[in-house]
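The values are calculated or read from the model by the stated rules, or taken from the named source; none is laboratory data. Predicted model only: the values in this text are computed from it and were never measured. Ideal geometry is used to build each Cβ from the backbone, glycine not excepted, and the neighbour counts take in all protein chains shown. The protein model used for the area step is the full one, side chains on, heavy atoms only, and it has no ligands, DNA or RNA in it. Shrake-Rupley method; radii C 1.70, N 1.55, O 1.52, S 1.80 Å.
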Amino acid sequence: MKILVTGYKGFIGQNMVKALKDEHDLILFEWGELIPDLREVQWVVHLGAISSTTETDVEKILTQNLDFSIFLHKHCSEHGINFQYSSSASVYGLGDQFVEDAKPSPVNAYAWSKYLFERYVTHNPSSSLVQGFRYFNVYGPHEDHKGNQASPFHQFAEQAKSTGKIKLFEGSESYLRDFVHVDHVVNTHKKFFNVGESGLWNVGTGSPMSFLDVAKHTQSLYGGELDFIPMPDQLVGKYQSYTKSDNTKINECIRKWNV
């Protein structure tokens, strides 16, 4: 198949390209480049976005994460191109309900941009397939460029190797997240090329792990001393203390389509 992948230079994008390039004819696009010719494209895998949860330039986020996503959605609908897009479990906010029909409660501009596009998709049916995936906390290769937005797996490993210390927030034993490896995310996209329905699905493991356990795991691999630090003021009241993907819907879909 001919597939357009947006955000191919990003963390998940690099892993997606690696997984698809030997089996499919890929067209690659990054923000700021000329929009390619999409004739004969069967699928668009839209991963490109400003992914920083601390970005404060709302106009920039809405332009890249919402407006451009709407443009792609309209183009795909008009030309019969199937469309996959990345969303985020951040749309659930600080609550404890992580099923797809739970009431969204975004707490930052990034999460709002993701929710608003989901909402647009819901209210603007497409002539082609539209599949959205709410990623939980993704980790894996090619996170180097993400800085303080990288997963704790990556950040803790780099800290242990470079400083001999692993910095984590006080109370990290109480912060539990659903950490999902990027290979699982990529494989989900690949499976859903063979799913003949539109929808929105969680992508996570369903098994939360505390930040302290991640740090101890890192410590067992690289050594280092655990260094507990206060949470930064800008994160107080905005930091998810718990996430757990409810995989009921996606597991039922996978069984239905035998993928």
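Across the chain, the mean sequence separation of Cα contacts (distance under 8 Å, 6 or more residues apart), normalised by length, yields a relative contact order of 19 percent.
Antiparallel versus total DSSP beta bridges in the chain: what percent is that, nearest 5? If we restrict to bridges inside the chain, about 5 percent are antiparallel.
Rounded to the nearest 10 degrees, the inclination of helix 211-222 to the longest alpha-carbon principal axis of the chain is 80 degrees.
Adding -39500 (n - 2.57) for every DSSP H run of four residues or longer, then dividing by how many residues the chain holds, sets the calculated 222 nm ellipticity at -10000 deg cm²/dmol. Backbone phi angles across region 3-15, fed through the Karplus curve with coefficients 6.51, -1.76 and 1.60 (θ = phi - 60°), yield HN-Hα couplings of 10, 8, 10, 8, x, 5, 8, x, 4, 6, x, 4, 5 Hz in residue order; Gly and Pro are listed as x. For the pair Ser77 and Lys9 in one chain, pulling the backbone fully straight at 0.36 nm per residue adds 21.9 nm over the alpha carbon distance. Remark: the chain carries 49 Å² of accessible area per residue (probe radius 1.4 Å; ligands, DNA and RNA excluded). A P(r) calculated from all alpha carbon pairs of the chain, with 10 Å bins opening at zero, reads 7, 29, 37, 20, 7, 0 percent. Each Lys and Arg adds +1 at its Cβ and each Asp and Glu adds -1 at its Cβ; summed about the Cα centre, the chain shows a dipole of about 340 debye. To put it simply, the accessible area of region 177-239 at a 1.4 Å probe is 49 percent carbon and sulfur.
Maximal additional length on extending the Asn124-Thr63 stretch stands at 20.1 nm, based on 0.36 nm per residue less the C-alpha distance.
With 0.36 nm allotted per residue and the present C-alpha distance subtracted, the Lys146-Ser105 stretch has 12.3 nm of extension available.
What the phi angles of region 55-66 give under the Karplus curve with 6.51, -1.76 and 1.60, with θ = phi - 60°, is a coupling list of 5, 9, 7, 5, 4, 4, 5, 5, 5, 7, 8, 9 Hz, glycine and proline written as x.
The GluC sites (Glu not before Pro) of region 186-259 meeting both criteria, a DSSP state outside H, G, I, E and B (loop) and at most 12 other C-beta atoms within 10 angstrom of the site's C-beta, are Glu197. Normalised by the number of residues in region 175-244, the average gap of Cα pairs under 8 Å and 6 or more apart makes the relative contact order 56 percent. In order along region 167-173, the Karplus-derived 3J(HN,Hα) couplings, from 6.51 cos²θ - 1.76 cosθ + 1.60 at θ = phi - 60°, round to 8, 9, 5, 4, x, 5, 5 Hz, and Gly and Pro are given as x. Spacing of the modelled spin labels on Leu94 and Ser241, each 7 Å from Cα toward Cβ, amounts to 0.9 nm. For region 42-189, what relative contact order do you get, as a whole percent, if you take Cα pairs closer than 8 Å and at least 6 residues apart? For region 42-189, the relative contact order is 23 percent. Helix 182-192 axis versus longest C-alpha principal axis of the chain: approximately 20°, rounded to the nearest ten. Within the listed set Asn15, Asn65, Asn124, the residue fluctuating most in the Gaussian network model of the chain (springs between alpha-carbon atoms under 10 angstrom) is Asn124.
Close amide H contacts of His181 (hydrogens built in the peptide plane, cut-off under 5 Å, sequence separation of 5 or more or a different chain): Tyr139.
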